[in-house]
Amino acid sequence: SAKAGHRQMTLDELRDLRNRLILAEVPAELEGDIPQLITTFVDQLGILVALNKALDNLWTAGHFAFQKHTEEFRSNFETARLERRVEQLKGTVREWRRTVREARETYYFLNFFSMSE
């Protein structure tokens with residue numbers, strides 16, 4: 001839930017904000033840390049997009065733990081922690097696909113069902 005002064009944004013809203021920030025010209029009197037903040041935001045958003053893709057892969061592949069899964073991050077969340085989470089999820093995707101492949105090789109009739117069934 002959003003607290004006073006804080007606003008939750010969807011991935012599409014964040015992408016739109018990124019595009020507007022990239023196209024914006026920062027006035028000289030505001031320069032300071034603004035370009036670095038924009039760069040950090042763009043980098044974090046790229047990582048969040050990768051995280052979203054990994055979560056979508058897990059959901060699409062039928063992983064039981066990710067059928068109703070959501071994750072939220074504060075804007076000041078460390079980039080390195082986001083990157084570790086993405087790598088963890090990618091590892092989970094690989095492990096799940098290996099598990100499903102082995103189950104389908106062992107139990108032939110599983111091949112007649114999609115993972116969502």
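The values are calculated or read from the model by the stated rules, or taken from the named source; none is laboratory data. Note that the structure is a prediction, hence the values are computed from the model and not measured. With ideal geometry, Cβ positions are generated from the backbone for all residues, glycine too; neighbour counts draw on all protein chains shown. We work out accessible area using only protein heavy atoms, side chains counted, and drop any ligands, DNA or RNA first. Shrake-Rupley method; radii C 1.70, N 1.55, O 1.52, S 1.80 Å.
If you go through the range 61-89 and keep only what is farther than 13 Å from residue 48 by Cα and either among the acidic types (Asp, Glu) or open to solvent by less than 100 Å² (accessible area, probe 1.4 Å) (or both), you end up with 61, 62, 63, 65, 66, 67, 69.
Select from the range 27-53 the residues that are of a type in the set (Asp, Glu) and open to solvent by 80 Å² or more (accessible area, probe 1.4 Å) and write down the one among them that is nearest to residue 12 (Cα to Cα). Reasoning before the result, please.
At the first step, the residues of the range 27-53 found to be of a type in the set (Asp, Glu) are 29, 31, 33, 43.
Within this subset, residues satisfying the condition of being open to solvent by 80 Å² or more (accessible area, probe 1.4 Å) are 29, 33, 43.
Values: 29: 30, 33: 25, 43: 16 Å.
Only one residue tops the list, namely 43.
In the range 58-87, the residues that are in contact (Cβ under 8 Å) with a residue 60 or more places away in the chain reach residues that are polar (S, T, N, Q) with C-beta atoms within less than 9 angstrom, at least six apart or across chains, in these pairs: 72/8.
Could you check the range 43-77 and list, in sequence order, the residues that are assigned to a loop (DSSP other than H, G, I, E, B) and over 14 Å from the mean Cα position of the chain (by Cα)? Lay out the reasoning, then the answer.
First, pick out the residues of the range 43-77 that are assigned to a loop (DSSP other than H, G, I, E, B): 61-63, 67-77.
If the condition is that a residue be assigned to a loop (DSSP other than H, G, I, E, B) and over 14 Å from the mean Cα position of the chain (by Cα), then 61, 62, 63, 67, 68, 76 are the ones that fit.
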